[in-house]
Amino acid sequence: MRMCSIASGSSGNCIYAGSDTTHILVDVGISGKKTEEGLKKLGVKPEELDGIFITHEHADHINGLGVIARKYGVPVYATKGTLRAIRDVSSLGKIDEGLFREIQADQKITVKDMTINPMRISHDAAEPVAYRIIHGRKRIGIVTDLGCYNDYTVECLKGMNALLIEANHDVNMLQVGPYPYYLKKRILGERGHLSNELSGQLLSRILNDDMQAIVLGHLSKDNNLPELAYETVRVEIAMADNEYKAGDFPISVAKRSEVSEIIEIA
């Protein structure tokens with residue numbers, strides 16, 4: 001199984017996951033053209049896509065959805081609340097109702113030889129979810145846009161082999177930055193985004209011997225730096241009360257608007 005970030009950041013998110021026979025996207029928050037170019041670099045034809053799984057309806061997760069779904073007839077999987085919200089986004093254009101597939105958190109969906117298991121997250125959207133993707137004994141998690149986590153989150157993410165996890169902002173950069181107060185409050189709130197520190201603390205609770213790759217994603221353009229996210233997460237892991245050190249796992253930062261390194265799960 002492979003995972004690759006085609007784009008990840010506050011300006012657009014699109015993550016690929018696939019096997020030899022199955023190809024899916026989690027979110028299409030970049031243009032249709034950029035999505036096509038990203039897939040081409042991965043050696044995947046857009047017409048080979050078996051599904052698009054949407055986490056929630058915010059623009060940076062659905063901007064290119066209408067174009068890709070219409071052009072290639074790709075099924076769109078999302079929760080009832082998210083589908084309702086998507087239908088209200090006029091900029092997407094008309095999407096054939098026959099392409100929509102309603103899903104629910106904690107109810108698995110099988111797409112060819114892959115199983116996708118949605119999980120609840122805390123974010124200011126209609127009915128947001130993150131996704132765990134299973135192929136045989138291989139498991140990856142794609143978890144962004146959560147203002148906080150709890151024991152349910154930890155339990156859902158145990159046993160992952162690879163994880164793309166949000167490290168959205170540095171708290172100090174956000175607090176002294178140019179954002180208006182209401183936006184700072186939203187981002188820092190329990191339905192906002194995960195800080196570098198919280199990302200590292202969550203990781204510390206779900207590290208395991210079979211973890212092969214950690215990718216930090218959805219970094220804020222204005223309130224974070226890739227190097228800062230990387231170092232802060234490593235410090236949190238080092239300070240945590242567990243047997244692991246940050247150096248035990250490959251940690252990388254997803255590129256904002258370029259295709260990142262392909263993660264191959266052994």
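The values are calculated or read from the model by the stated rules, or taken from the named source; none is laboratory data. Worth saying up front: this structure is predicted, and the values here are computed from it rather than measured. Here Cβ is always computed from backbone atoms with ideal geometry, including for glycine, and neighbour counts include all displayed protein chains. Remember, those area values only see protein heavy atoms, side chains included, never the ligands or the DNA or RNA. Shrake-Rupley method; radii C 1.70, N 1.55, O 1.52, S 1.80 Å.
Structure notes:
- Just one of the listed residues (66, 9) is free of Cβ contacts under 8 Å to residues at least 60 places away in the same chain and either within 20 Å of residue 89 (Cα to Cα) or under 12 Å from the mean Cα position of the chain (by Cα) (or both), namely 66.
- Criterion applied to 103, 140, 86 was being at pLDDT 95 or above and either open to solvent by 20 Å² or more (accessible area, probe 1.4 Å) or closer than 22 Å to residue 2 by Cβ (or both), and the one residue passing it is 140.
- Yes/no for residue 22 being among the β-branched types (Val, Ile, Thr), surrounded by fewer than 16 Cβ atoms within 10 Å (Cβ to Cβ) and within 19 Å of residue 140 (Cα to Cα): no
- When residue 36 is tested against (1) over 22 Å from residue 226 (Cβ atoms); (2) among the charged types (D, E, K, R); (3) in contact (Cβ under 8 Å) with a residue 60 or more places away in the chain, exactly one condition is not met: (3).
- Residue check for residue 205: open to solvent by 20 Å² or more (accessible area, probe 1.4 Å), touching a His at 6+ places or on another chain (Cβ under 8 Å) and not β-branched (Val, Ile, Thr): no
- Positions within the stretch 188-202 being crowded, with 22+ Cβ neighbours inside 10 Å and either touching a Leu at 6+ places or on another chain (Cβ under 8 Å) or among the polar types (S, T, N, Q) (or both), in sequence order: 193, 194, 195, 196, 199, 202
- Residues of the stretch 231-255 satisfying the condition of being within 22 Å of residue 60 (Cβ to Cβ) and open to solvent by 70 Å² or more (accessible area, probe 1.4 Å): 255
- Selection count where residues are assigned to a loop (DSSP other than H, G, I, E, B) and either modelled with pLDDT under 95 or among the aliphatic types (A, V, I, L, M) (or both), scope the stretch 161-171: 1
- Number of the exception - residue 47 against (1) among the acidic types (Asp, Glu); (2) open to solvent by 10 Å² or more (accessible area, probe 1.4 Å); (3) under 19 Å from the mean Cα position of the chain (by Cα): (3)
- Checked against (1) crowded, with 24+ Cβ neighbours inside 10 Å; (2) touching a helix residue (DSSP H, G or I) at 6+ places or on another chain (Cβ under 9 Å), residue 36 passes all but a single condition, namely (1).
- The one condition from (1) farther than 22 Å from residue 241 by Cβ; (2) in a loop (DSSP other than H, G, I, E, B); (3) in contact with a helix residue (DSSP H, G or I) (Cβ under 9 Å, 6 or more places away or on another chain) that residue 211 does not meet is (1).
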